[in-house]
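The values are calculated or read from the model by the stated rules, or taken from the named source; none is laboratory data. From a predicted model like this one, the values you see are computed outputs, not experimental measurements. Here Cβ is always computed from backbone atoms with ideal geometry, including for glycine, and neighbour counts include all displayed protein chains. Heads up: the accessible areas ignore ligands, DNA and RNA and are worked out on the full protein's heavy atoms, side chains in. Shrake-Rupley method; radii C 1.70, N 1.55, O 1.52, S 1.80 Å.
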Amino acid sequence: IGRDRLLYRRTVILIGHLMHTDLSDTVDRIDTTGYAEVSELAMSMPAINERSSSRITIKSVTRQDMEKAITILRTVASEKDLLLIEPLEEMA
């Protein structure tokens, strides 16, 4: 109790028509894995017909699980025509 099992953290940015492509589906694909989850999400929507951007922080159990979660995000971004910007730094 009180022990954090999600030790690895990575923040990415998604840009595109996030609301029109069901952002909750994108989050659910990570959260339902059991080894990673979206822990923070901040979004900017300039206008209804314009692209929005979202900063998403993911936490995972292991480094390998984080790589699997990022792979899921890459797949989702490709399917939904979203731009995924990944950090250059190492995972913390």
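Across the range 14-54, the qualifying residues are those that are in contact with a strand residue (DSSP E or B) (Cβ under 9 Å, 6 or more places away or on another chain) and of a type in the set (S, T, Y), and the one among them that is nearest to K80 (Cα to Cα) is T26.
Of all residues in the range 32-46, those satisfying the criterion of being surrounded by 16 or more Cβ atoms within 10 Å (Cβ to Cβ) and aliphatic (A, V, I, L, M) are A36, V38. Residue count for the range 58-84 under the criterion of being open to solvent by 70 Å² or more (accessible area, probe 1.4 Å) and either on the phi > 0 side of the Ramachandran plot or of a type outside the set (S, T, Y) (or both): the result is 8. Condition test on R55, is it open to solvent by 80 Å² or more (accessible area, probe 1.4 Å), in contact (Cβ under 8 Å) with a residue 24 or more places away in the chain and within 9 Å of the chain's Cα centre (by Cα)? When the stated conditions are applied, R55 passes them. Taking the criterion of being within 20 Å of E50 (Cα to Cα), open to solvent by 50 Å² or more (accessible area, probe 1.4 Å) and assigned to a helix (DSSP H, G or I), the only residue of the range 10-31 that qualifies is S24.
Give the range 57-82 a look and list any residue that's of a type in the set (G, A, S) and touching a Ser or Thr at 6+ places or on another chain (Cβ under 7 Å), or say none.
Just the residues of the range 57-82 that are of a type in the set (G, A, S), to begin with: 60, 69, 77-78.
Within the range 57-82, just A69 meets the criteria.
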